[in-house]
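Asker: Have a look at the structure that comes next, please.
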């Protein structure tokens, strides 16, 4: 089982859209996928039309009592663990663990899933906390959406510093340009400069109304019969992730 975290400390860069569409794309390729919505706002859960049961909360997650709350989606091979509003305090709860175990909490929770899934995708909240450290530690690959702007690149630099702090190798990080608008000179200039670095994938996701409208239709962009440009972008992204980091 491989664990992929879609993470950035900056909000509004397309993390949830990436998580939702990568999960769908992987499942359509035959992978048994679990999408874990780690963000208390529950956007990934919303896109898949799934609400958490009332008995599910942060405490049950951290005790490892979450398997019964995993739900099937409308798509084969794709399950979802919905977010709960109490996840907003996950950092506080994790911080109460013993010092030598604080960064291993999430990784230990995922171990029993190995027989059931080929791939676990984590849709992560935009922060830099002990939960972030858990996410980086638990993931085999950290996929980072980067809008071609200065502040988004700064968030990537912060992530690299965080990796150094927790002792994770930088080659665990794979960045890609997200919400790209080719008509903007700045976007083109930044992409031309930074795509030459090994940390960046060649695949990118353009800014498209179709992706923005996911909130209206509540489904992945590739779930319609029409083969869209957006769906093709996520397919190429998934193929590159597999080739570069998942050893498949």
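Asker: Please find, among 11, 72, 64, the residue that is surrounded by fewer than 16 Cβ atoms within 10 Å (Cβ to Cβ) and within 25 Å of residue 156 (Cβ to Cβ).
Answerer: None of the others qualify; the one that does is 11.
Asker: Would you check if there is a residue in segment 124-135 being over 30 Å from residue 189 (Cα atoms), in contact with a strand residue (DSSP E or B) (Cβ under 7 Å, 6 or more places away or on another chain), touching a residue at least 12 places away in the same chain (Cβ under 8 Å) and buried (at least 16 other Cβ atoms within 10 Å of the Cβ)?
Answerer: yes
Asker: If we only count helices (runs of 4 or more DSSP H) wholly inside segment 171-248, which ones have 1 or more residues that are closer than 14 Å to residue 21 by Cα and at pLDDT below 95?
Answerer: Because the criterion is at least 1 residues that are closer than 14 Å to residue 21 by Cα and at pLDDT below 95, the helices (runs of 4 or more DSSP H) in segment 171-248 that meet it are 209-212, 214-217, 229-241.
Asker: Separate question: Quick check, is residue 142 under 19 Å from the mean Cα position of the chain (by Cα), surrounded by 23 or more Cβ atoms within 10 Å (Cβ to Cβ), within 30 Å of residue 189 (Cα to Cα) and touching a residue at least 24 places away in the same chain (Cβ under 8 Å)?
Answerer: yes
Asker: Something else: Please go through segment 159-179 and give me each residue that is out of contact with any helix residue (DSSP H, G or I) (no Cβ under 7 Å at 6 or more places or on another chain) and loosely packed, with under 15 Cβ neighbours inside 10 Å, ordered by number.
Answerer: Listed by number, the residues that qualify are 161, 164, 165, 167, 169, 171.
Asker: Considering 94, 121, which residue is modelled with pLDDT of 95 or more, crowded, with 20+ Cβ neighbours inside 10 Å and either in contact with a helix residue (DSSP H, G or I) (Cβ under 9 Å, 6 or more places away or on another chain) or assigned to a strand (DSSP E or B) (or both)?
Answerer: 121
Asker: Quick one: in segment 205-229, of everything that is touching a helix residue (DSSP H, G or I) at 6+ places or on another chain (Cβ under 7 Å) and free of Cβ contacts under 8 Å to residues at least 40 places away in the same chain, which residue is nearest to residue 146 (Cα to Cα)?
Answerer: Here the residue is 206.
The values are calculated or read from the model by the stated rules, or taken from the named source; none is laboratory data. Just so it is clear, the model here is predicted, and its values are computed rather than measured. Using ideal geometry, Cβ is built from the backbone for each residue, glycine included, and neighbour counts are taken over all protein chains shown.
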